[in-house]
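Note sheet for the following structure.
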Amino acid sequence: MFSGKVGMLRCLPDLAGRLAAAGQMSDDSKLEQKAAGLDDLTPSEKSQINSLNKRYKDKFGFPFVICARENKKDAILKGLAQRLNNEKDQEIRIGVSEVKKICWLRLTRIVSQRSSL
């Protein structure tokens with residue numbers, strides 16, 4: 001039932017993860033993570049998010065997804081820790097909902113840029 005949704009979630013990068021550190025994320029992802037403060041983590045916060053990301057991915061089989069544009073780093077760290085307590089089917093639904101938010105915000109940005117041309 002969730003195979004297509006889980007497959008889509010598995011395509012997403014870890015928040016503040018390896019791709020971010022290597023500068024290999026999309027321009028949108030870079031801007032969103034920067035706005036959330038994920039590009040300015042302390043060493044302790046970086047260690048915490050890496051540990052939580054690993055635990056999350058080990059438990060659910062896909063990376064933690066949250067709309068970074070609607071959150072700041074403290075809320076993201078708290079949400080990541082709290083959502084580790086959820087069941088997999090609940091996290092699939094939440095992850096897909098977060099992807100929808102991300103897509104909607106990106107699409108409205110593109111449309112508003114084009115309408116101002």
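Some points to look at:
- Flag if residue 64 is under 11 Å from the mean Cα position of the chain (by Cα) and open to solvent by less than 20 Å² (accessible area, probe 1.4 Å): yes
- Failed item, numbered, when residue 86 is tested on (1) surrounded by 12 or more Cβ atoms within 10 Å (Cβ to Cβ); (2) within 16 Å of the chain's Cα centre (by Cα); (3) free of Cβ contacts under 8 Å to residues at least 24 places away in the same chain: (2)
- Where residue 56 falls short, out of the listed (1) free of Cβ contacts under 8 Å to residues at least 24 places away in the same chain; (2) surrounded by 15 or more Cβ atoms within 10 Å (Cβ to Cβ); (3) over 28 Å from residue 113 (Cβ atoms): (1)
- When 15, 9, 77, 19 are checked against the criterion of being without any contact (Cβ under 8 Å) to a residue 40 or more places away in the chain and either open to solvent by less than 40 Å² (accessible area, probe 1.4 Å) or under 20 Å from residue 105 (Cα atoms) (or both), 77 stands alone in meeting it.
- Of the helices (runs of 4 or more DSSP H) lying entirely inside the range 14-117, the ones with 2 or more residues being modelled with pLDDT of 95 or more and aromatic (Phe, Trp, Tyr) are found at 43-60.
The values are calculated or read from the model by the stated rules, or taken from the named source; none is laboratory data. Being a predicted model, the structure only gives us computed values, none of them experimental. Heads up, the Cβs are rebuilt from the backbone with ideal geometry, glycines too, and the neighbour counts pull from every protein chain shown. The protein model used for the area step is the full one, side chains on, heavy atoms only, and it has no ligands, DNA or RNA in it. Shrake-Rupley method; radii C 1.70, N 1.55, O 1.52, S 1.80 Å.
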